[in-house]
């Protein structure tokens, strides 16, 4: 590969809304670089996707969350959660940067935006934010959730989750742009490999002078 990630980087942040492809990109990038991959979900959790691939049952707490709140209230709730997580994420990133003996890190999650926009500009940290058009997010959420065969209650939760996701994508996109983050529109890339190459391009070392 001709493109090379900046050698000073020890942490790469991959952010974006739910179902946008953060996990797939982060895992592929980490494998390419030989780094470890961590999700912010492992640091703290907010009510997640209102569907389950294994048990098939959404917890009563999560169901109440999505059925009792409007989309803008769901957005406010997740943004508050992300703001509370920001100091934890900041400490995790800084400890990785400081400990040169630790394995370099690809960290992914929608909760990254407060850290990205509040001055993450450390020379050892790079950040990429993913965005996508409404139709892409809608089709991915419908397919991932099994919307077409879901019960009426499940469809109501999934629809509310979709509304929140679209609002989150719109709100955070401008914030991360203002924060100086590289933004990639996933609709422009046909494969994860192409998206990995674009990510590395956004984080590549400058040419020699």
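The values are calculated or read from the model by the stated rules, or taken from the named source; none is laboratory data. Bear in mind that the values here come from a model prediction, so they are computed numbers and not experimental data. Here the Cβ positions follow ideal geometry from the backbone for every residue, glycine too, while neighbour counts run over all protein chains shown.
The set of residues in segment 80-105 being crowded, with 17+ Cβ neighbours inside 10 Å and touching a helix residue (DSSP H, G or I) at 6+ places or on another chain (Cβ under 8 Å) consists of 82, 85, 86, 89, 93, 104, 105. Taken over segment 105-135, the criterion of being more than 22 Å from residue 82 (Cβ to Cβ), at pLDDT 95 or above and touching a strand residue (DSSP E or B) at 6+ places or on another chain (Cβ under 9 Å) is satisfied by 133 alone. Considering only residues that are in contact (Cβ under 8 Å) with a residue 12 or more places away in the chain, within 19 Å of the chain's Cα centre (by Cα) and more than 22 Å from residue 79 (Cβ to Cβ), look in segment 137-149 and name the one that is surrounded by the fewest Cβ atoms within 10 Å (Cβ to Cβ). Filtering first and then ranking leaves 144. So, of the residues in segment 150-176 that are under 30 Å from residue 202 (Cβ atoms) and without any contact (Cβ under 8 Å) to a residue 12 or more places away in the chain, which turns out to be surrounded by the most Cβ atoms within 10 Å (Cβ to Cβ)? Applying the filter and picking the extreme gives 170. Among residues belonging to segment 40-61 that are assigned to a helix (DSSP H, G or I) and touching a residue at least 40 places away in the same chain (Cβ under 8 Å), point out the one that is surrounded by the most Cβ atoms within 10 Å (Cβ to Cβ). That would be 40.
Within segment 108-115, the presence of at least one residue that is in a strand (DSSP E or B), touching a residue at least 24 places away in the same chain (Cβ under 8 Å) and under 24 Å from residue 62 (Cβ atoms) is confirmed.
Part of a helix (DSSP H, G or I) and over 28 Å from residue 123 (Cβ atoms): which single residue out of 175, 166 fits that description? Walk me through how you get there before you give the answer.
Values: 175 fails: over 28 Å from residue 123 (Cβ atoms).
Sole residue among the options that is part of a helix (DSSP H, G or I) and over 28 Å from residue 123 (Cβ atoms): 166.
Closer than 20 Å to residue 72 by Cα and touching a strand residue (DSSP E or B) at 6+ places or on another chain (Cβ under 8 Å): does that describe residue 199? It is false that residue 199 is closer than 20 Å to residue 72 by Cα and touching a strand residue (DSSP E or B) at 6+ places or on another chain (Cβ under 8 Å).
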